[in-house]
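Beneath this line is the structure, given in structure tokens, with notes to follow.
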Amino acid sequence: MAFEQTNAAQGDPLLLIVPGLGNSGQGHWQTRWEETLPLCRRVDLGLWDDPHRNTWVNKINLAVDRADRPVVLVAHSLGCHAVAWWAEYERLSGGDALGKVIGALLVAPPDVEDAPIDRRLTRFAPVVQGELPFRSVLVASRDDPYMPFGTARTLAKTWGASFADAGATGHINARSGLGDWTFGRLLLNRLLPRPLSLDDGAAHYGAGQRRFIDPALRRLGA
């Protein structure tokens, strides 16, 4: 049965943070967002240094299933592949949770097949093939050591995601020194029913709803 929009679910979405290897510590934009964005919660995937694909997938599924409102997934690094595998498992099983997800921001997915920088990444191989069943934006850096820029662009096409160029920002992590990462919040806004403020510090939603989907989203990175 598809997810029904109850009164609680008709409001602003729940933002679920999905980190990668090692979790996202202090100074990481995901941690800043969790601290400053409304209705933002981290998925406790566990096994942060010894990732297990099915465990991570199950943790994502539990978090989405418990949501009483629409969900936007905000994934970084290996968390992007965890999201893709969760969507694939849900599609094959006909699960209800997929209907809750209205979008996903997929930031700096690593190579898990050809030349992974860390052997633990291969546990999420092969790459999920086919378009994700929800709108998504894949963000890549031009000097990410975990995945070549061209490969990231190809992955965006595979997953049916819009592609966004983050410039030369490394792995788009704490070492990148992005703070609240305004560019990322701008991209996130294109997945939300109404935009969040872009000022530093605690964010708030603007007044009024807008229709999905902003046509400019499809042109990002073109």
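The values are calculated or read from the model by the stated rules, or taken from the named source; none is laboratory data. A quick note: this is a predicted structure, and the numbers were derived from the prediction, not measured. Don't worry about glycine lacking a Cβ; one is built from the backbone with ideal geometry, like all the others, and counts go over all protein chains shown.
Overview of results
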quantity: Number of the exception - Gln10 against (1) modelled with pLDDT under 95; (2) under 17 Å from the mean Cα position of the chain (by Cα); (3) of a type in the set (S, T, N, Q); calculated: (2)
quantity: Residue that is surrounded by the fewest Cβ atoms within 10 Å (Cβ to Cβ), among those in the stretch 124-154 that are in a loop (DSSP other than H, G, I, E, B) and aliphatic (A, V, I, L, M); calculated: Ala125
quantity: Members of the stretch 8-64 found to be farther than 22 Å from Ala87 by Cβ and among the aliphatic types (A, V, I, L, M), listed by number; calculated: Ala8, Leu37
quantity: Members of the stretch 155-198 found to be aliphatic (A, V, I, L, M) and not in a loop (DSSP other than H, G, I, E, B), listed by number; calculated: Leu155, Ala156, Ala164, Ala174, Leu186, Leu187, Leu188, Leu196
quantity: Scope the stretch 64-82; condition touching a Pro at 6+ places or on another chain (Cβ under 9 Å) and under 23 Å from Ser141 (Cβ atoms); matching residues; calculated: Val72, Ala75, His76, Ser77, Leu78, Gly79, Cys80, His81, Ala82
quantity: Number of the condition not met by Arg119 [criteria: (1) more than 30 Å from Leu196 (Cα to Cα); (2) under 11 Å from the mean Cα position of the chain (by Cα)]; calculated: (2)
quantity: Residue in the stretch 181-189 that is under 18 Å from Val74 (Cα atoms) and free of Cβ contacts under 8 Å to residues at least 12 places away in the same chain present; calculated: yes
quantity: Where Ala104 falls short, out of the listed (1) part of a strand (DSSP E or B); (2) surrounded by fewer than 14 Cβ atoms within 10 Å (Cβ to Cβ); calculated: (2)
quantity: Residue match in the stretch 66-87 (condition: free of Cβ contacts under 8 Å to residues at least 12 places away in the same chain and not charged (D, E, K, R)); calculated: no
quantity: Residue count for the stretch 11-48, restricted to those that are touching a residue at least 40 places away in the same chain (Cβ under 8 Å) and in a loop (DSSP other than H, G, I, E, B); calculated: 13
quantity: Selection count, the stretch 23-52, where residues are touching a helix residue (DSSP H, G or I) at 6+ places or on another chain (Cβ under 7 Å) and crowded, with 17+ Cβ neighbours inside 10 Å; calculated: 8
quantity: Residues located in the stretch 192-215, provided they are among the basic types (Lys, Arg) and either in contact with a helix residue (DSSP H, G or I) (Cβ under 6 Å, 6 or more places away or on another chain) or modelled with pLDDT under 60 (or both); calculated: Arg210, Arg211
quantity: Subset of the stretch 155-173 [surrounded by fewer than 18 Cβ atoms within 10 Å (Cβ to Cβ) and either under 30 Å from Arg69 (Cα atoms) or in contact with a strand residue (DSSP E or B) (Cβ under 8 Å, 6 or more places away or on another chain) (or both)]; calculated: Lys157, Thr158, Gly160, Asp165
